[in-house]
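Working notes for the structure below.
Just so it is clear, none of the values below were taken in a lab; they were calculated from the coordinates. Just so you know, these numbers come straight off a predicted model, no measurement behind them. Neighbour counts are summed over all protein chains in view; Cβ atoms, including those assigned to glycine, are modelled from backbone coordinates with ideal geometry.
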Amino acid sequence: MTETRPHSYPTFRQVVLDTTDARASAEFYRLLFGFTYEPGHETPDPAGDDWLVLRNGGTRLLAFQQVPSLTAATWPDGAVPQQLHLDFGVRSVDELRVHHDRVLAHGGRLLQDRIDDPDEPLRVYADPAGHPFCLFVLG
């Protein structure tokens, strides 16, 4: 099929994560990575927080959509694959160690530890809702 008209591409908006507690999930990532709420999302909505967006500067990054139930990934062990995960980089193994304590303090849990891998030191975590994410040393 040949296109005869110039076209544009869709603009990436954000990654959306389903969660049974949108506010708790948003707070986990906000506190861990220093993100900020989309204007108007900073304070809890009395009608419920069913949709929250986090930004890094002016860029929308993550959104959290309230769902009634969620089967958490069981990767690397178990029948439920991760399906999607988020990658975050740090500058050094020492920084990776510091962020490890922060992840655990905010309710995350360690899924896989490859901090001693000479080619790609990393750790894989699950956020409180069970979504996997990686912290790795940028090469």
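One table, with the values for the structure above:
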| read-out | value |
| --- | --- |
| Considering only region 86-137, percent of DSSP beta bridges that pair antiparallel, nearest 5 | 65 |
| Among (i) 1.04; (ii) 1.09; (iii) 0.93, the entry derived from the coordinates for Rg/Rh (Cα atoms, Kirkwood Rh) | (i) |
| Hz values of 3J(HN,Hα) by residue in region 119-127 - Karplus curve (6.51, -1.76, 1.60), Gly and Pro given as x | 8, 8, x, 7, 9, 10, 10, 10, 6 |
| Gyration tensor (alpha-carbon) shape descriptor, region 15-66, a/c threshold 1.5 | prolate |
| Mean residue ellipticity (222 nm) of the chain, computed from DSSP H runs ≥ 4 via -39,500 (n - 2.57), nearest 500 | -5500 deg cm²/dmol |
| Sites T36 and R91, calculated FRET efficiency, Cβ-Cβ separation with R0 22 Å, nearest 0.05 | 0.50 |
| Sequence-distant residues sharing a close amide H with V90 (under 5 Å, placed H) | F136, V137, L138 |
| Sequence-distant residues sharing a close amide H with W51 (under 5 Å, placed H) | Q66 |
| Cα shape, region 91-134, gyration tensor, a/c 1.5 rule | oblate |
| Percent RCO, i.e. relative contact order, over the chain, from Cα pairs under 8 Å lying at least 6 residues apart | 22 |
| Backbone HN-Hα couplings from phi across region 54-61 [Karplus 6.51/-1.76/1.60, Hz, Gly and Pro as x] | 10, 10, 10, x, x, 9, 5, 10 |
| Q14-A72 pseudo-label distance in nm [points 7 Å out on the Cα-to-Cβ vector] | 2.3 |
| Relative packing of peptides 12-25, 44-57 - highest average C-beta neighbours within 10 Å first | 12-25, 44-57 |
